[in-house]
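Right, one structure below, let's go through it.
The values are calculated or read from the model by the stated rules, or taken from the named source; none is laboratory data. Treat the numbers as computed from the prediction; the structure is a model and nothing was measured. Because the Cβ atoms are built from the backbone with ideal geometry, glycine has one as well, and the counts that use them run over all protein chains shown. Each accessible area value is taken on the protein alone, full model and side chains, heavy atoms only, with ligands, DNA and RNA left out. Shrake-Rupley method; radii C 1.70, N 1.55, O 1.52, S 1.80 Å.
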Amino acid sequence: MKDCLFCKISQGEIPAQIVYEDDQCIAFRDVNPVAPIHVLIIPREHISGIAAVTNAQQALLGHLLLVARRIAQDLGGEENGYRLVLNNGVQAGQTVFHLHIHLLAGRQLGWPPG
Ligand code: AMP
């Protein structure tokens, strides 16, 4: 989608520290990390957020979760635990309106989140 930051990263128009990619998704380090491991997993296809996902995209959603798990394992986040976060909408803190899963690991995470 034109003017979408994450579409531009997916298409290689904006640089990012990519940790994983395949034909369906790409994962890269968050530019403003809030944990030692902070990776964003996004579909290549533009979807504005989890609320916009359709039943036809069920397999894609599952793929994103499995990729997130694989990255957590590969980056060493699995031993002490990790968190996957999906912000949907302004009040939840969503700032980029292209679906993304935050993978957070490497420190003790508080609950409830702020
Ligand atoms: P959210 O607030 O859930 O929409 O998350 C958006 C995330 O994208 C934030 O954690 C930002 O730090 C991150 N972000 C914004 N621009 C970039 C970028 N160019 N490269 C990597 N991460 C980014």
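At 222 nm, what value in deg cm²/dmol follows for the chain if DSSP H runs of at least 4 each add -39500 (n - 2.57) and the sum is divided by all its residues, to the nearest 500? Walk me through the numbers on the way to the answer.
On the way: 2 runs with 23 residues, N = 114.
That comes out to -6000 deg cm²/dmol.
Quick check: at a probe of 1.4 Å, how many percent of the accessible area of the chain sits on carbon and sulfur atoms? Provide the component values of the computation, followed by the final result.
On the way: 3600 of 6900 Å².
With neighbouring chains kept in place, the figure for the chain is 52 percent.
Using only Cα atoms, figure out Rg for the chain and give it as a multiple of 2.2 N^0.38 Å. The partial results should precede the final answer.
Working: Rg = 13.5 Å, N = 114, 2.2 N^0.38 = 13.3 Å.
Expressed relative to 2.2 N^0.38 Å, the Cα Rg reads 1.02.
Using +1 on the beta carbon of Lys and Arg, -1 on that of Asp and Glu, and nothing else charged, what's the dipole of segment 1-102 about the Cα centre, debye to 20?
On the way: 7 positive and 10 negative charges, 40 e Å.
Result for segment 1-102 is approximately 200 debye, rounded to the nearest 20.
Quick one: compute the contact order of segment 40-114, relative version, from alpha carbon pairs under 8 angstrom and 6+ residues apart, as a percent.
About 45 percent, as a whole number.
Convert each backbone phi in segment 39-56 into a coupling constant with the Karplus relation 6.51 cos²θ - 1.76 cosθ + 1.60 (shift: θ = phi - 60°), then list the ³J(HN,Hα) values in order as whole Hz, x for Gly and Pro.
Once rounded to whole Hz, the list reads 10, 10, 10, 10, x, 5, 5, 6, 9, 5, x, 4, 5, 9, 5, 9, 4, 5.
If each of Met1 and Arg107 carries a label point 7 Å out from its Cα toward its Cβ, how far apart are those two points in nm?
3.1
Cα centroids of segment 57-81 and segment 8-48: how far apart, whole angstrom?
One Cα centre to the other: 13 Å.
Taking θ = phi - 60°, what integer Hz values does the Karplus form 6.51 cos²θ - 1.76 cosθ + 1.60 yield along segment 105-114, in sequence order, with x for Gly and Pro?
Along segment 105-114, the couplings run 7, x, 7, 5, 9, x, 8, x, x, x Hz.
Please compute P(r) over all alpha-carbon pairs of segment 57-114, binned at 5 Å starting from zero, and give each bin as a whole-number percent.
4, 17, 23, 22, 21, 11, 2
Starting at the first residue of segment 78-95, write each ³J(HN,Hα) from the Karplus equation 6.51 cos²θ - 1.76 cosθ + 1.60 with θ = phi - 60°, in whole Hz, x for Gly and Pro.
7, 4, 9, x, 8, 10, 10, 10, 10, 8, 10, x, 4, 5, 7, x, 5, 10
So what's the angle, to the nearest 10 degrees on a 0 to 90 scale, between helix 58-74 and the longest Cα principal axis of the chain?
Rounded to the nearest ten degrees, it is 40.
Could you state the accessible area per residue of the chain in Å², with a 1.4 Å probe and every protein chain left in place? Write down the numbers at each step before the final one.
On the way: 6900 Å² over 114 residues.
Roughly 61 Å² per residue, with all protein chains present.
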